[in-house]
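Okay, so here's the structure we're looking at.
The values are calculated or read from the model by the stated rules, or taken from the named source; none is laboratory data. Since we're looking at a predicted model, the values are computed, not measured. Counting neighbours? That spans all protein chains shown, and the Cβs are built from the backbone with ideal geometry, glycine included. Side chains included, ligands, DNA and RNA excluded: accessible areas come from the protein's heavy atoms. Shrake-Rupley method; radii C 1.70, N 1.55, O 1.52, S 1.80 Å.
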Amino acid sequence: MKLFISHSQQDRPFILPMVEMLYSIGMSENDIFCSSIPEPGIPGRKEIYEYLRELFVKEELYVLFMLSDRYYQSPNCLNEMGAAWIVKSKYTTFLLPGFTFAEMEGAVDPRKISIKLDDEEDIVRYRLGEFRDAISTCFSITTRQSEARWEKVRNDFLKGIEMQNTVVDMYPEGWEQKTLYGILSIILTSDAK
């Protein structure tokens, strides 16, 4: 089984904290496919659409749908959603900040519990715990973190999402072009308050 992160390339800054959380849960690069990150992404010299087709045909996939307005504007993302539906992949749906349940469309079941990353904090924390348990079971992760370690991993993930959302809010046009220096200055400014 392989975990496939279906996301818009424009949402890459939100995906990085997710991949780090998955590694912390106990998944390896071999367990994950994420096209916008080199390590668990498309091997060099491979043709992207052929590689994706092979994944859907040859692998049993567990798909993470990382939904946003940008996701639904991407034909590639909609193709991935349709392919996952055709092969009946297991999936979990995440709604990125600013995206609502009412905006969910397509092959994902809006009646299935999704994780809305800007929902009330206690709800998000609880749902992420359920997600960790589901991933651990699906991928036979036997080395379980202590609850204290999991809380740190989960909180770091949520801070990463919050930080990215702050950048998006401050720079709605061209936010993905901001430099590391700009992001660091935002963090330092917000920490100083």
Residue among I32, I15 that alone is among the hydrophobic types (A, V, I, L, M, F, W, C) and either touching a His at 6+ places or on another chain (Cβ under 8 Å) or surrounded by fewer than 17 Cβ atoms within 10 Å (Cβ to Cβ) (or both)
I15
Residue check, V87 against (1) surrounded by fewer than 18 Cβ atoms within 10 Å (Cβ to Cβ); (2) of a type in the set (A, V, I, L, M); (3) out of contact with any helix residue (DSSP H, G or I) (no Cβ under 8 Å at 6 or more places or on another chain), all met but one. Which one?
(3)
When you look at L22, is it among the aliphatic types (A, V, I, L, M), within 23 Å of E151 (Cβ to Cβ) and open to solvent by 10 Å² or more (accessible area, probe 1.4 Å), yes or no?
no
If S74 meets every condition in (1) in contact with a helix residue (DSSP H, G or I) (Cβ under 6 Å, 6 or more places away or on another chain); (2) in contact (Cβ under 8 Å) with a residue 40 or more places away in the chain apart from one, which number is that one?
(1)
Can you name the number of the only condition in (1) within 20 Å of Q10 (Cβ to Cβ); (2) open to solvent by less than 20 Å² (accessible area, probe 1.4 Å) that E80 fails?
(2)
What's the number of the condition E120 fails, among (1) at pLDDT 90 or above; (2) under 26 Å from N30 (Cα atoms)?
(2)
Please name all residue pairs, on different chains or six or more residues apart, with Cβ atoms under 6 Å, provided the first residue is in the stretch 15-37 and is of a type outside the set (S, T, N, Q) and the second residue is open to solvent by 20 Å² or more (accessible area, probe 1.4 Å).
G26/I141; G26/T143; E29/E39; D31/F139; F33/K2
Would you mind telling me which numbered condition in (1) open to solvent by less than 60 Å² (accessible area, probe 1.4 Å); (2) touching a helix residue (DSSP H, G or I) at 6+ places or on another chain (Cβ under 7 Å); (3) farther than 20 Å from K2 by Cβ; (4) small (G, A, S) S136 fails?
(3)
Being under 19 Å from I5 (Cβ atoms), out of contact with any Asp or Glu (no Cβ under 6 Å at 6 or more places or on another chain) and part of a helix (DSSP H, G or I) is the requirement here; does A107 meet it?
no
With R45, R70 as the choices, which residue is surrounded by 14 or more Cβ atoms within 10 Å (Cβ to Cβ), basic (K, R) and more than 22 Å from W150 (Cβ to Cβ)?
R70
